[in-house]
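Below is one structure, written out as structure tokens; comments come after it.
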Amino acid sequence: MTGAVPRMPTDLSQLEALATRRLGPGPVGYVAGSAGNGSTERANRAALDRRRIVPRMLRDVHERDLSVDVLGRRLPAPLALAPVGVLSILHPEGEIAAARAAAAQGVPFVLSSASSTPMEQVTEAMGDGERWFQLYWSKDRAVAASFLDRAKKAGCTVLLVTLDTPLLAWRPRDLDQAYLPFLHGVGTANYFSDPAFQAGLARPVQEDPNAAVLHFVSMFADPAKTWADLPWLREHWDGPIVLKGIQHPDDARRAADAGMDGVVVSNHGGRQVAGAVGALDALPGVVAAVGERLTVLFDSGIRTGDDVFKALALGAKAVLLGRPYAYGLGLDGQSGVEWVIRALLAEFDLTLALAGYARPDQLTPDSLSADGHF
């Protein structure tokens, strides 16, 4: 403690309200908004809140080590920054500021396909920081292949393929404000800078930006993709492949059978299917089905250090943090993102120790109770 009052709250669950007061309704609504009436986002929080930590006493926790092995790399903590698109709507430096923050704190940054800045500029800003790439698997395979080639050349080591967005969901906050940045060419930088995408245009992007936007909209998502398409990914990516959006054990098994390396148990933060299962409720079944065959990661609802504890106790090897770091970016740029990372990990470290554990790999389902019952 230095006696100085921090510029941002230490309770990260307050960030959304603070961002709502300081930032415009369009950008905040785009980040905070969920599918339908928000029931799935609430289910995410309810699933986390329902599990309770059971502290254990008289265990030596004077030295702690938060590092974990994930997908063949040693990470300093079980945390990565989730892929969040269109970050320039929150701060002028957008993805570059967030990526620099991740690199400065030693956690992986997952760059979204829907970045406001071309991937090469973002990864260059990270120096030697761990960078992963998230693919929205478009209809145009030439564009998807070009993205993967560019990501490899930019030093991305892990590929996350988002499966839960074959179509954009019914999101009332965006619909009510007629707010979709892509329609204004924001969040399309990877596409507009891509040679395969440009080859599909009659005129250069700068000469006919509206045509470029329409081309982007026509090929961004592909609801016709099936499990039979997965071998194509392996043909174009020789590193770890992680499928993001898995919620059913049978889908996790199919991912393992297809030779994937991991899954992210996620419902896109409640942004895609209203009325869906809370992500943490889906986690134990997926871990039981494939925990020995695949690396299981988790996102959707993480806000605090004890949330991280609970996800790891139920079998996740690491968590992906989304909205909180986006709010930190909007409030204070790179410094805001770094604050969020440091605060979350400091709270997790204390929670771990006070519950009687010195390392993340010591956590098991027995570290928790459900509904307060042992």
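Bear in mind these aren't lab numbers, they're just calculated from the coordinates by the rules spelled out. This structure is a prediction, so every number in the text was calculated from the model and none was measured. FYI the Cβ positions are ideal-geometry reconstructions off the backbone, even for glycines, and counts take in every protein chain you see.
Would you call ALA98 touching a Phe, Trp or Tyr at 6+ places or on another chain (Cβ under 7 Å) and either surrounded by fewer than 18 Cβ atoms within 10 Å (Cβ to Cβ) or in contact (Cβ under 8 Å) with a residue 24 or more places away in the chain (or both)? Yes, satisfied. Of all the listed residues (ALA318, ALA355), the sole one being over 17 Å from PRO108 (Cα atoms), touching a Ser or Thr at 6+ places or on another chain (Cβ under 9 Å) and among the hydrophobic types (A, V, I, L, M, F, W, C) is ALA355.
Once region 20-37 is narrowed to residues that are closer than 23 Å to TRP170 by Cβ and aliphatic (A, V, I, L, M), the residue that is nearest to the chain's Cα centre (by Cα) is VAL31.
Based on this model, can you work out whether SER335 counts as outside any loop (DSSP other than H, G, I, E, B) and either surrounded by fewer than 21 Cβ atoms within 10 Å (Cβ to Cβ) or not acidic (Asp, Glu) (or both)? Here the answer is yes, as SER335 does meet what is asked. Going by the structure shown, is ALA151 assigned to a helix (DSSP H, G or I), touching a strand residue (DSSP E or B) at 6+ places or on another chain (Cβ under 6 Å) and under 20 Å from ARG234 (Cα atoms)? Yes, satisfied. Set side by side, the residues ALA212, ALA221, ALA202 differ, and just one is on the phi < 0 side of the Ramachandran plot, outside any helix (DSSP H, G or I) and touching a Pro at 6+ places or on another chain (Cβ under 9 Å), which is ALA221. Residues in region 250-279 that are part of a helix (DSSP H, G or I), under 26 Å from ALA46 (Cβ atoms), of a type outside the set (Gly, Ala, Ser) and without any contact (Cβ under 8 Å) to a residue 60 or more places away in the chain: 2 in all.
Taken over region 53-68, the residue count meeting the criterion of being closer than 22 Å to SER266 by Cα and out of contact with any helix residue (DSSP H, G or I) (no Cβ under 9 Å at 6 or more places or on another chain) is 0. Within region 164-190, the residues that satisfy the criterion of being assigned to a loop (DSSP other than H, G, I, E, B), in contact (Cβ under 8 Å) with a residue 60 or more places away in the chain and small (Gly, Ala, Ser) are ALA169, GLY187. Taken together, the residues in region 170-202 that are farther than 20 Å from PRO118 by Cα and surrounded by fewer than 19 Cβ atoms within 10 Å (Cβ to Cβ) amount to 9.
Selection over region 11-35 of residues that are in contact (Cβ under 8 Å) with a residue 60 or more places away in the chain and among the basic types (Lys, Arg) gives a count of 1.
Restricting LEU230, LEU243 to those that are in contact (Cβ under 8 Å) with a residue 12 or more places away in the chain, out of contact with any Ser or Thr (no Cβ under 8 Å at 6 or more places or on another chain) and part of a helix (DSSP H, G or I) reduces the list to LEU230.
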